[in-house]
Structures are given as structure tokens and as C-alpha cells.
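S.K.: Mind looking over this structure? Questions follow.
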Amino acid sequence: MITLYHAPGSCSLAVKAALALTNLEHQIKIIDTAQGEHFSEAYKKINPLSKVPALLVDGQIITEGAAILQYISEIAPAAKLLPAVGSLERAQALKWMMFVYSNIHPHFARAFVPARYADNQADVVAKAESALHELFYIIDQELAEHAFIAGERLSIADLYLGVAIHWQMILKQSLTEKYQHLNAYLQRLLALPVVGDLYKAEFN
């Protein structure tokens, strides 16, 4: 049995979606971040960094969303959440997943919780939003070429990117209003069975 520690609306939704697309037996443990449950001593034993997602598998804990998504794709190959090992298509999917993980996600963290980063919170938020628009311009240009971020098939990169797009509610300027290819892409994701239902349930 796999247990996912998940906070609704967070990046752990990408892992929840990945699990839902597989036949892996799993359960979801909700972590109430609004009430600070992720800072509890009990949860710190699961992840000392007080972050979600965390995955419990056969008594072992895996943290870091990108690692978890890749692990799930590898133990459930029939779901085809990543292209074949050694292929350029797989490298592209991993590249875009890491693009979201390493570039986009940190700027959203600054926009959501600017007090962690500097006393001048307005400046932190403004710089984060500016950086995010630059990054999503790159994403938008890529989406002009194909249906999903790494090609014509859904991958774990899309599951993560789909969550990040929904975080635009914190920004002054809507990403999907500014970038037409991004908007069309989001509508494609939301129209997908399973994935679309999960995203709409957590963000609407």
C-alpha cells in the first residue's frame, strides 16, 4: 500500500493525479496546512522540512515531488506517464518537469509567502510575478508547438505544470489571459478524464 501525504491545492496534487492515473493501490492522508499540521512533530518525522508531498512506500518515505512523480511513472509503466527510458522524449518530459520544479515553483513560493524572504514583502512579490511572467512566456512559446508541454502525450511534467498554472490566482495579472497557448493548454488539461476532475475539485 502506498500512502500519499497531500495538502489540497498544493504541488502534491500532481502526485495525487499521477496515482489516480495508475492502477497502484494507494490511500491519501490529508495534511491541513492551513492549520499548520505540516509543522507538527508528527509530520516532521515524515518530512523534517514540513513540506508536501511525501510518499510512504513499504515503510520508506520518499519526499520531493519531482522524485515521487518519476518513481510513480517507473513502477506503473502501463500508465505511460513518461516516455521510454533512454529516449529524447523522456529527457524532454523530465526537463520540463524540472523547469517547473526548479524555476516556477520557487517564485510562486515567494509570491505566496513573501515574509520568508525579505522585510520588503511588496518588492518580493513584484519581482516574483515579473519572473513568473518571463518563465510562462517560455512555456507559452513551447505550447504553440504541441498539445502538451513535452510533446503530444500527457506526462508527469503536465501534471505539475497544471497545478502551477492554477496558482495564478495570487498574481495581479492572469497568466491564462495573457498567454493564449497556455490558456488553450489549461482547457485541454481540464477536459481530460481523471486529471480535469481532480484539478477542478481542488481549485474551484
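The values are calculated or read from the model by the stated rules, or taken from the named source; none is laboratory data. Fair warning: this is a prediction, and the values are worked out from it, not measured in the lab. Counting neighbours? That spans all protein chains shown, and the Cβs are built from the backbone with ideal geometry, glycine included.
S.K.: Which pairs have Cβ atoms under 6 Å, sit 6 or more apart or on different chains, and link a residue in the stretch 110-125 that is loosely packed, with under 12 Cβ neighbours inside 10 Å to one that is assigned to a helix (DSSP H, G or I)?
M.R.: Correct list of pairs: Ala115/Gln121.
S.K.: Going through His181, His166, His133 one at a time, which residue ends up being assigned to a helix (DSSP H, G or I), at negative phi and under 13 Å from the mean Cα position of the chain (by Cα)? Please lay out each step first, then the result.
M.R.: Details: His181 fails: under 13 Å from the mean Cα position of the chain (by Cα); His133 fails: under 13 Å from the mean Cα position of the chain (by Cα).
Matching residue, one of His181, His166, His133: His166.
S.K.: Could I ask something else about it? When you scan the stretch 159-171, do you find a residue that is assigned by TED's automatic domain parsing to the domain that holds Lys95, surrounded by fewer than 16 Cβ atoms within 10 Å (Cβ to Cβ) and either modelled with pLDDT of 95 or more or not small (Gly, Ala, Ser) (or both), even just one?
M.R.: yes
S.K.: What number goes with the only condition from (1) part of a helix (DSSP H, G or I); (2) surrounded by 18 or more Cβ atoms within 10 Å (Cβ to Cβ) that Asn103 does not pass?
M.R.: Tallying (1) part of a helix (DSSP H, G or I); (2) surrounded by 18 or more Cβ atoms within 10 Å (Cβ to Cβ), Asn103 fails exactly one: (2).
S.K.: Oh, and also: I'm trying to understand the selection: among the residues of the stretch 121-158, which are within 15 Å of Pro106 (Cα to Cα) and either assigned by TED's automatic domain parsing to the domain that holds Cys11 or aromatic (Phe, Trp, Tyr) (or both)?
M.R.: Within the stretch 121-158, Phe136 is the sole residue that qualifies.
S.K.: Right, next: Please list, ordered by first then second residue, the pairs with beta carbon atoms under 6 Å, 6 or more apart or interchain, first in the stretch 64-77 and surrounded by 19 or more Cβ atoms within 10 Å (Cβ to Cβ), second part of a helix (DSSP H, G or I) and not β-branched (Val, Ile, Thr).
M.R.: Listed by first residue and then by second, the contacts come to Ala66/Met97; Ala66/Tyr101; Leu69/Ala18; Ile72/Ala18.
S.K.: How many of the residues making up the stretch 11-32 are out of contact with any Gly (no Cβ under 9 Å at 6 or more places or on another chain) and surrounded by 15 or more Cβ atoms within 10 Å (Cβ to Cβ)?
M.R.: Count: 10.
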